[in-house]
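In what follows, a single structure is set out as structure tokens and then discussed.
The values are calculated or read from the model by the stated rules, or taken from the named source; none is laboratory data. Since this is a predicted model, take the numbers as computed values, not measurements. As a convention, Cβ positions derive from the backbone with ideal geometry for all residues, glycine included, and neighbour counts pool all protein chains shown.
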Amino acid sequence: MADDRFPGWHGTTILAVRRGGRVVVAGDGQVSVGQTVMKGTARKVRRLSPGGRDVVVGFAGSTADAFTLLERLEKKLESAPGQLQRACVELAKDWRTDKYLRNLEAMLIVTDGAQVYVVTGAGDVLEPEHDVAAIGSGGNFALAAARGLMETELDAETVARRAMAIAADICVYTNGNLTVETIDG
């Protein structure tokens, strides 16, 4: 269901690839409003370090909503150190049931290097199959490209970069200005 208050916010592709004991999360830098590119250098992949343990998060959707969710996730991680799945489930539960949070429009890919989750406002905490996850308007293009590239011997970062380049060539809401974070499992 489209929200008539916003003129078609688009512009994110986030991809996570797990291979060889590491996870690479890549995000493009394009933010579009309707048919206009508003910014080409947004940073939609972040490294959090609650309690000294690194977690990498990529977000798609409304930036303000995503930042609200990142703050909540960081608090959940601080209250459950080393328990990424528990923190993601608690965030998803709050997101689905809280009167304020349930209106937030974003999705997250979250990893500690060992586990990878896609977290949604519908209460989903999904572990991807095939060691690849993608979200955002170009997510399906990046996912398909990465799945194909996983049949090669390429390392995780090369798979992620090539898949994102393919998505940027196909999806008008995705550019090639990448933020890439790597985390070992």
How many of the residues in the range 122-165 are in contact (Cβ under 8 Å) with a residue 60 or more places away in the chain, in a loop (DSSP other than H, G, I, E, B) and under 27 Å from residue 98 (Cα atoms)? 2
Return a yes/no flag: does the range 96-107 have any residue that is touching a helix residue (DSSP H, G or I) at 6+ places or on another chain (Cβ under 8 Å) and among the polar types (S, T, N, Q). no
Selected residue (criterion: nearest to residue 125 (Cα to Cα)) from residues of the range 70-83 that are touching a residue at least 12 places away in the same chain (Cβ under 8 Å), touching a helix residue (DSSP H, G or I) at 6+ places or on another chain (Cβ under 7 Å) and buried (at least 17 other Cβ atoms within 10 Å of the Cβ): 73
With (1) out of contact with any Asp or Glu (no Cβ under 8 Å at 6 or more places or on another chain); (2) within 24 Å of residue 146 (Cβ to Cβ); (3) of a type outside the set (Ser, Thr, Tyr) as the list, and residue 81 as the residue in question, which single condition is left unmet? (2)
Which condition number does residue 60 fail, the rest of (1) free of Cβ contacts under 8 Å to residues at least 60 places away in the same chain; (2) surrounded by 14 or more Cβ atoms within 10 Å (Cβ to Cβ); (3) within 21 Å of residue 165 (Cα to Cα) being met? (1)
Can you confirm whether residue 134 is crowded, with 18+ Cβ neighbours inside 10 Å, among the small types (Gly, Ala, Ser) and more than 16 Å from residue 14 (Cβ to Cβ)? no
Would you be able to say whether some residue in the range 173-181 is over 17 Å from residue 44 (Cα atoms), of a type outside the set (Phe, Trp, Tyr) and not in a strand (DSSP E or B)? no
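Quick test for you: out of 126, 101, 149, 143, pick the one residue that is closer than 16 Å to residue 15 by Cα, over 15 Å from the mean Cα position of the chain (by Cα), of a type outside the set (D, E, K, R) and surrounded by fewer than 23 Cβ atoms within 10 Å (Cβ to Cβ). Outline the logic, then answer.
Values: 126 fails: over 15 Å from the mean Cα position of the chain (by Cα); 101 fails: closer than 16 Å to residue 15 by Cα; 143 fails: over 15 Å from the mean Cα position of the chain (by Cα).
None of the others qualify; the one that does is 149.
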Among residues of the range 4-41, those that are crowded, with 18+ Cβ neighbours inside 10 Å and at pLDDT 85 or above, counted: 17
Only residues that are within 21 Å of residue 63 (Cα to Cα) and touching a residue at least 24 places away in the same chain (Cβ under 8 Å): list them for the range 98-114, please. 101, 104, 105, 106, 107, 108, 109, 110, 111
